[in-house]
Structure formats: C-alpha cells, structure tokens
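Here is the structure we will look at.
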Amino acid sequence: MKNITTYYSSRKNVFVWLAVLSSLVSFVTRFIAFGGAGSEGFWVMVVRMIFPLAANLFIAIRLPWRCGEMYYVTVGPAVLLAIYFFARVCVLGISVAMTITCLLLCVLQLGSFYWTYTGRLNSQVPAFIVWALPALFVMDPAFIRYFLWYWRKAPSMILTDLCAWFSVLCIILASKRMAPWQEGDPYRRRYGDRMEGRRVYDIVPMSKLTAYFMPTRIGSSNYVKDSIEISNVERYIHEKRRQGLKHFGLTHLFLASYVRCLTEYPALNRFIAGQKIYHRFEIVCSMVIKKEMNSASPDTTIKVKFAPTDTAADVYEKFNAKVQAVKETQALDTGFDKITALFDKIPSLVLSLVIWLLRMMDYFGLLPVEIQELSPFHASMFITSMGSLGIPPIYHHLYDFGTMPGFCSFGAKRTEKQYNAQGDLVSRKYIDFTWVTDERICDGFYYAAALKKIKSYLLHPELLDVPPETVKADVD
C-alpha cells in the first residue's frame, strides 16, 4: 500500500465539538441572514446558501461520526466553504488590492486543506497557518471600519461567516497525524475510500472508463449457466447432517464455495459506485427467505456476513443463526421491512424525491451506514434457491440501486440418462445454476477462472472443511 499520510481525531477532542458547535451556529444564523434577503438568482442562492449550509451540516454530522478513521471526509465541506468565501470576496466592495489578496488567500486555503487531508502533505501546520491568516486583517484600520459598518448592516451574516471559518480552523486543530504505515499493519482508509470499500487504483485505464461507458448494472450484466453432477454433493450433505448440521443443504454449499473462492480471487468482491471501482471490506450475502413454504407466507430479505477463513460448518452456523433470528420475529419483520413500511407511508411524489436523494447520497458515498446495513442491495452477492420452489434456476437481474455485483441462482435437482465407462445406461442427478455478473469489476479471464474455482469446490466439497492456508489481497 502506498505510504501516504493519514489523519485522525478523537471524539473526546474539544476542537471536534467546537467545530460541530460553530457549524450548527453558522447553519442557524445563515437562515436568519437570508430570511429577509428577498429573491436571489439561482446560482447566487446555490453558492451563498446551499454550499455553506451543506458544509455546515456535513461537518456537524460526519466529523464526530467518522473522525477516528475517515478524517478526509472533511475535505468536501472545506472545499464548499472555500468556494463560498471566494464568491463572497468578489462582491464585498472592498479595494482592488484587498480583493486580490483575499482571493489569493481563498485559493491557498482551498489548496492547503485539500493537499493536507488527502494525504499529500505530512503536516497540518501549513493548512493551519493559511486558514488563520484572515485573523491578521484586524490590523488593517480600513478593514476594521468596513467590518464595523457591515456588522451594523448585517450582523447575522458576519456571525455565520465567522463561525464557518472558525469551524474549519477547529477541524485542523483537532487533527493528528497517524504513524507511517508499515508492512503488516491493518489497511488504513485513504482519501477516495468509501465506508464499505476501498478504492481500487491499480487497474488499466480502460477498466476505469468502462463504468462511464456502461453506467448501469443492468446494462453491463453477463449471464452464465452451468451444471454439476451431485453424487459427491449428496454424500457430503448427508455426512454433514449426520455430524449434527441438521439443515445443511445446497444453499450453504454454494455460499461456502463462493466465500472460499474469494480467498483466491478477491476481485470478485469488487463493486462499482459513483463510476469508480472499489473492493468491499467484508463478505456480505443477501437472500430472500419465507417463514413457511406457501404463497400466503410473508417473505423478507436477510444479510449475512462471512469471513474469508470460514469453513462450510462456519457458513452453516452463521447463515442458520441469522435465518432463525429472523423467523422468530413476529410476521418475519426485519429492519429492512420496517424502513420499507415507513417509505410506503410517504406520498408518491415525495417518495420519488427521497429515493432520488438516497441514490445521490449513495453515488457520493454519503449514505448512512445504518441504511447500508439494512439494505439487501449493498452486498457482495445475492443468492436464491429455485430448487426449493421446484423449478429451474432463473437469470435474475442485478440492481442499479446499491453496490451488489453478482446474483447466483440454483434450481431443482434433475435426472439425466448417461452411459458410464462400462457402456451401461445409468441415471445421474444434476443441479443447474446461473450467475449474473457485473462485467465492469474485472475482466472475462478472471471471471472464468473464479467461476471454475467455485464449481471445483462444489464438485469436491470436502475441501471446504478446512480453513484456507492463505488469503490473497486484492490489488492496491
């Protein structure tokens, strides 16, 4: 991993809460300042109100929440505030020399903060000096006279600007530099990473551009169908059930094979978000379950997290524990069911706006982690058993909302007549299964090798009884 500088802070740091308080005061007083401002042009309102309000709100929410591991999230609000201050200077009506000085200072503030907290500079001192420089303007008598005149004219606007400036200064004062990364250290989140995954950089330019040429998962889906002879599978399942894994079945075997494949082909756990490629930190699989196997029984979606070192028995325990916990709830309710029930009560026009907002937040990596934890669309893979319904596997589409790059479906057992090595006609059982994959996360050769590896584990499931010797990391 590239040895870049990363910063962090603690929620116990007083400057973190001073930054939050200043941002909230700036947020409230900006509404007061614009309450009687009258009609403004669209772009004037965007720069003078929307940008700083968004920055204030972002600082107040995200800074204390993610300051311990994702301090670079403060770059966005600082950029919005720098743009706002730049625009404000242009219309202040001060002298030409002072205007040019202030504009240059805004550029320096923007650059210093960006280069510091994206990891390019190994010290926050330059950023602090540049952002503290406006305090020196109090030494200019002309500036003092202008300040007092403007204070009498619009005190709330002066207060909101001072609080916005002070909040960024507190962000800088709260930051601390982490020790340089050493080989063997846990992965350190960097600028550009999302909460659920790290940005993949070491890929060819064409792979980076593919997400722009094919912006949707539905438009970039590949469809694969295969089958396996299940003599070994049935023996393995019966053996597991004799060992006490009462409900062990094909679902657990497919999940275990997929999880084990990721230890050798980790790029299968990538996803596209905001037209960029990320590697997911965790292995998360989604599935729809029913309380009872009839059409009147309610269904819901579960998400189960696995570790790359999990054996087939580990997968069984984690999956069944999640299923059992959900089935014990009244009417099969989960957090996802509750949030969808809440959305269902919103008027359709407003709901369309809410969903659009959620999509935009997801695009920029701003979707709250609580929603991601509930959403079945933010997962490594979706799996569905058509065999339990007695039908062949389907080619299930991928979802354009969320970050899921793969969908696996397997069907009912079928019998096929074949000649054996002795020339006798015998009956053999097969299972058909399908994969729908997002072709943008890795190339076709990699996909082919990974899917063949999954099939090899299905044909020889005993390999899943021992943890893997090594777990490969995705490219940096």
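Just so it is clear, none of the values below were taken in a lab; they were calculated from the coordinates. Given the structure is predicted, the values throughout are model-derived calculations rather than measurements. Every residue, glycine as well, gets a Cβ built from its backbone with ideal geometry; the counts of neighbours run over all protein chains shown.
A few remarks follow.
- Each residue in 378, 279 was given a count of other beta-carbon atoms within 10 angstrom of its own, and listing them fewest first yields 279, 378.
- Cα lying deepest toward the dipole's positive end in the chain, options 195, 107, 349, charges on Cβ: 107
- The calculated 222 nm mean residue ellipticity attributable to helices in the chain amounts to -15000 deg cm²/dmol, summing -39500 (n - 2.57) over DSSP H runs of n ≥ 4 and dividing by all residues.
- Pairs exceeding 31 Å between alpha-carbon atoms, taken from 327/452; 246/429; 12/303: 327/452; 12/303.
- Positive-end residue of 21, 71, 281, charge dipole of the chain with Cβ unit charges: 21
- Of all aspartates and glutamates in the structure, the ones whose alpha carbon falls short of 14 Å from that of residue 417, not counting any fewer than 8 places away in one chain, are 229.
- Whether the chain is rounded, prolate or oblate, judged on the alpha carbon gyration tensor where a/c under 1.5 counts as rounded: prolate
- Only the Cβ atoms of Lys and Arg (+1) and of Asp and Glu (-1) were treated as charged; on that basis the dipole of the chain about its Cα centre amounts to roughly 720 debye.
- Anisotropy class of the range 197-465 from Cα gyration tensor, a/c 1.5 cut: oblate
- Exposed loop sites were defined as chymotrypsin sites (Phe, Trp or Tyr not before Pro) in DSSP loop states (anything but H, G, I, E or B) carrying at most 15 other C-beta atoms within 10 Å; in the chain the longest segment without such a site runs 1-186.
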